[in-house]
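The values are calculated or read from the model by the stated rules, or taken from the named source; none is laboratory data. Here the structure is a predicted model, which is why all the values come from computation and not from measurement. Here the Cβ positions follow ideal geometry from the backbone for every residue, glycine too, while neighbour counts run over all protein chains shown.
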């Protein structure tokens with residue numbers, strides 16, 4: 001899960017860089033388009049130059065539309081990656097809580113086992129003392 005999370009974070013960084021480049025290219029195209037429009041206002045006739053300029057403006061508009069679609073698609077991918085990272089972080093946190101709870105449960109079981117062990121050792125020692133006393137009493141009875 002950790003590797004998958006790291007891979008998603010790396011992909012997110014790449015996509016964000018790519019998105020930044022596309023947005024910059026889009027802004028440049030919009031600026032070029034405005035410059036072409038401005039240049040077109042200087043012409044008063046419908047000469048070949050004006051027609052060529054209008055064609056270039058239309059081409060730039062097409063490029064702007066295409067880049068805008070690419071930016072939108074890339075932003076959707078980035079949003080999806082962020083959701084996946086969030087989901088994986090949440091799953092990892094839940095998994096860690098489960099592991100922590102299991103560790104605490106095992107510690108408690110170990111504590112109880114240690115207490116039972118000590119109790120049995122005390123009982124064993126008490127029984128051993130009783131056996132020793134009985135053996136001593138038995139020897140004393142035999143010797144009398």
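Checking 95, 123, 135, 116 one by one, the residue that is assigned to a helix (DSSP H, G or I), under 32 Å from the mean Cα position of the chain (by Cα) and either surrounded by 10 or more Cβ atoms within 10 Å (Cβ to Cβ) or at pLDDT below 95 (or both) is 95 and no other. Just give me the residues in segment 77-113 being farther than 19 Å from residue 20 by Cβ and in contact (Cβ under 8 Å) with a residue 60 or more places away in the chain, in sequence order. Result: 84, 88, 89, 91, 92, 95.
Does residue 74 meet the test of being touching a residue at least 60 places away in the same chain (Cβ under 8 Å), in a helix (DSSP H, G or I) and within 39 Å of the chain's Cα centre (by Cα)? The answer is no for residue 74. Residue check: is residue 13 under 19 Å from the mean Cα position of the chain (by Cα) and either at pLDDT 85 or above or surrounded by 12 or more Cβ atoms within 10 Å (Cβ to Cβ) (or both)? It is true that residue 13 is under 19 Å from the mean Cα position of the chain (by Cα) and either at pLDDT 85 or above or surrounded by 12 or more Cβ atoms within 10 Å (Cβ to Cβ) (or both).
Residue-level analysis places residue 23 among those that are surrounded by 12 or more Cβ atoms within 10 Å (Cβ to Cβ), touching a residue at least 40 places away in the same chain (Cβ under 8 Å) and either assigned to a helix (DSSP H, G or I) or out of contact with any helix residue (DSSP H, G or I) (no Cβ under 6 Å at 6 or more places or on another chain) (or both). Of the residues 83, 109, the single one that is under 28 Å from residue 3 (Cβ atoms) and modelled with pLDDT of 85 or more is 83.
Residue by residue, here is whether (1) out of contact with any helix residue (DSSP H, G or I) (no Cβ under 9 Å at 6 or more places or on another chain); (2) farther than 30 Å from residue 27 by Cα holds:
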{"site": "48", "(1), (2)": "yes, no"}
{"site": "59", "(1), (2)": "yes, no"}
{"site": "63", "(1), (2)": "no, no"}
{"site": "72", "(1), (2)": "yes, no"}
{"site": "81", "(1), (2)": "no, no"}
{"site": "93", "(1), (2)": "yes, yes"}
{"site": "99", "(1), (2)": "yes, yes"}
{"site": "115", "(1), (2)": "yes, yes"}
